[in-house]
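Pasting a structure here, questions to come.
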Amino acid sequence: MSALTFAGVRKTFGANVALQGFDLDLHQGELVTLLGPSGCGKTTALRIAAGFERADSGTIQVEGADISKTPPHRRNMGMVFQSYSLFPNLTVAGNVEYGLRTRGIHKATRAARVAEILDLVQLGELGARYAHQLSGGQQQRVALARALAVQPSVLLLDEPLSALDAKVRTTLRDEIRRIQTDVGITTLFVTHDQEEALAISDRICVMSQGNIEQLGTPTEVYRRPTTAFVARFVGTMNEFTAEVTGSGEVAVAGHRMAAPGAAGAATGSKLSLLVRPEDLALGDDGLPGSVTSVTFQGATTLVGVRLDVLDVLVSADVGSGEADHLQIGDRVSVVVNGANAVCEPAPS
């Protein structure tokens, strides 16, 4: 049985359709990320799950029970917001204890639970401090501890890392994943940051204009995007104009290659070929061009090349040793591997 289910959920705000027949199942103990640009409907879906918004149609179910009309405080969901939303007049321990106290939990049980959950988020020594005495990352850990203290059925995270600087964001992202895995709680995570989604998720639900573009594991979404929108939104893509030369074959500036994504397209038709940087290589008998940038990234180096024949800039992700000798202006040849390319009709 699914832990959380959106079934045919539709939501409009005036003439704006935020969600169009939204269907999603979260399995028990799974972390699913809603990923997409601003206005795609991801936060609306989260707020409907929490009960802060009411769907126009469709249902929200927890373990098969319809909670669509259940008020937020009775849904047994924990929620962590972008803005922490801690009570400034309460200590760290007081914030974590708040939900337990409102539920009438015995004082000794509350104290034990607070100690347990603060240890889980590695704040066991800070229970007596107040929010203003904590860093942003520590405050967000308190918010997470408060949400988990009441042992919710589902954890909802609404852009919880976006207010933090890059280093703290990465550390806390990994901590959230560790805690979620340790507790085994079903989690719905909302973000517009593709790197966060790829790093933290069991599955990613990529959204656009109220619809699901693709639902799959991070590997599936990155390596095998099912639409051009997903290909462009998740990761970096190079784009070439190609001509179909046969079933599953194309030519880019006269260089023929296999491109399974072009299967079914009419011979002679023009396509946009979307290719990841790691599916390009510097080698012989490729597309000629000149190096415009060399960006060292540790294990790999990103090489920018302006191609002669297409007048476009491409990036090839190559092993660092391969790029040690490259200088701006050097002549190179870019070999395109179309095996994982996403194809769509070229603009007319």
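What follows draws every value from the coordinates through simple rules; no lab data is involved. The model shown is predicted, which means the values in this text are computed figures rather than measured ones. Backbone-built Cβ (ideal geometry, glycine too); neighbour counts: all protein chains shown.
Say each of ILE105 and ALA258 gets a label point 7 Å from the Cα, pointing the same way as Cα to Cβ; how far apart are those two points in nm?
5.7 nm
Report the residues of the stretch 199-213 in range of a label on ASP193: point 7 Å along Cα→C-beta, backbone N strictly under 20 Å from it.
In the stretch 199-213, the label zone of ASP193 (backbone N under 20 Å from the point 7 Å along Cα→Cβ) covers 199-207.
Now, a different point. Pop the C-beta distance of ARG10 and ARG331 into the FRET formula with R0 = 45 Å and round what comes out to the nearest 0.05. All intermediate terms of the calculation are to be shown ahead of the outcome.
Numbers: r = 56 Å, r/R0 = 1.24.
The pair ARG10/ARG331 has a calculated efficiency of 0.20.
Which value in deg cm²/dmol, rounded to the nearest 500, describes the helix-derived mean residue ellipticity at 222 nm for the chain, given -39,500 (n - 2.57) per DSSP H run of n ≥ 4 and division by the residue count? Write down the numbers at each step before the final one.
Values: 9 runs with 89 residues, N = 348.
About -7500 deg cm²/dmol.
Rounded to the nearest 0.05, what FRET efficiency do THR241 and ASP119 give with R0 = 56 Å and r taken as the Cβ-Cβ distance? Could you check?
Numbers: r = 57 Å, r/R0 = 1.02.
E between THR241 and ASP119, to the nearest 0.05, is 0.45.
Let's test the formula: R0 of 25 Å, r as the Cβ-Cβ distance of ALA346 and SER293. What FRET efficiency results, to the nearest 0.05?
Numbers: r = 26 Å, r/R0 = 1.05.
So the FRET efficiency works out to roughly 0.40.
Another one. Apply the membrane-span-like helix rule to the chain: whole DSSP H runs, Cα extent along the own long axis of at least 24 Å, mean Kyte-Doolittle hydropathy at least 0.5. List the helices found.
Values: long enough: 166-183 (25 Å, -0.83).
For the chain, where a helix must reach 24 Å along its axis and average at least 0.5, there are no hits.
Name the residue farthest towards the positive end of the dipole of the stretch 4-233 from the options LEU215, THR70, THR44, assuming +1 on Cβ of Lys and Arg, -1 on Cβ of Asp and Glu, about the Cα centre.
The listed residue farthest towards the positive side: THR70.
So which aspartates and glutamates can LYS69 reach, going by Cα to Cα under 14 Å and dropping same-chain residues fewer than 8 places off?
Straight-line reach from LYS69, under 14 Å: GLU53, ASP56.
Hey, rough spin-label estimate for ASP308 and SER83, points 7 angstrom out along Cα→Cβ, what's it come to in nanometres?
5.8 nm
Report, for the chain, the % of DSSP beta bridges that are antiparallel, rounded to 5. Working shown, then result.
On the way: 58 of 76 bridges.
Antiparallel bridges: around 75 percent, rounded to the nearest 5.
Now for a different question. Give the distance, in whole Å, between the Cα centre of the stretch 157-209 and the Cα centre of the stretch 294-335.
32 Å
Between THR171 and THR219, with labels modelled 7 Å along Cα→Cβ, what's the label distance in nm to one decimal, could you check?
3.1 nm
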